[in-house]
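Please read the structure below before turning to the comments.
Values quoted throughout were computed directly from the atomic coordinates according to the rules given, and no laboratory measurement underlies them. Bear in mind the structure is a predicted one, so any value in this text is a computation, not a measurement. Cβ coordinates were reconstructed from backbone atoms using ideal geometry, including for glycine residues, and neighbour counts include every protein chain displayed.
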């Protein structure tokens, strides 16, 4: 983004450095800054006037150049091409970033769906195991009760045998 801004600033600066003559020809404004007379009688360079592409005061005519500056126009076209390339690269990068965001979102949805499925399957398996454990505990309790009854019956038989035998 900084490169893009630098290119745009350079293009503005180059466009500001050339001004159109009354003949329609471009003349570079590479002359020293415009001087202004201050009410106190002093003279100082006007940066604002030079930035705005103003010419020297009419007392000192600006040198004219009959042919346009090919170097600055070439530089300007190079900068415009670089700017276009940067725009294209930025759009491509933003497209890739958007595509990655969509892919990440899809993968996240898939991952959470799989995790939910695994949790649901684990709950079903746990419910089956708990049911099985309950059944086994019930059987174990019933077997203990039967075993206690058998042991009680066996004790009674032993007592009866002890009474019957001399």
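Structure above, values below:
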quantity: Modelled FRET efficiency - R0 22 Å, residue 13 with residue 90, Cβ distances, 0.05 increments; calculated: 0.50
quantity: Packing-based exposure ordering (other Cβ within 10 Å, fewest first) of 144, 13; calculated: 144, 13
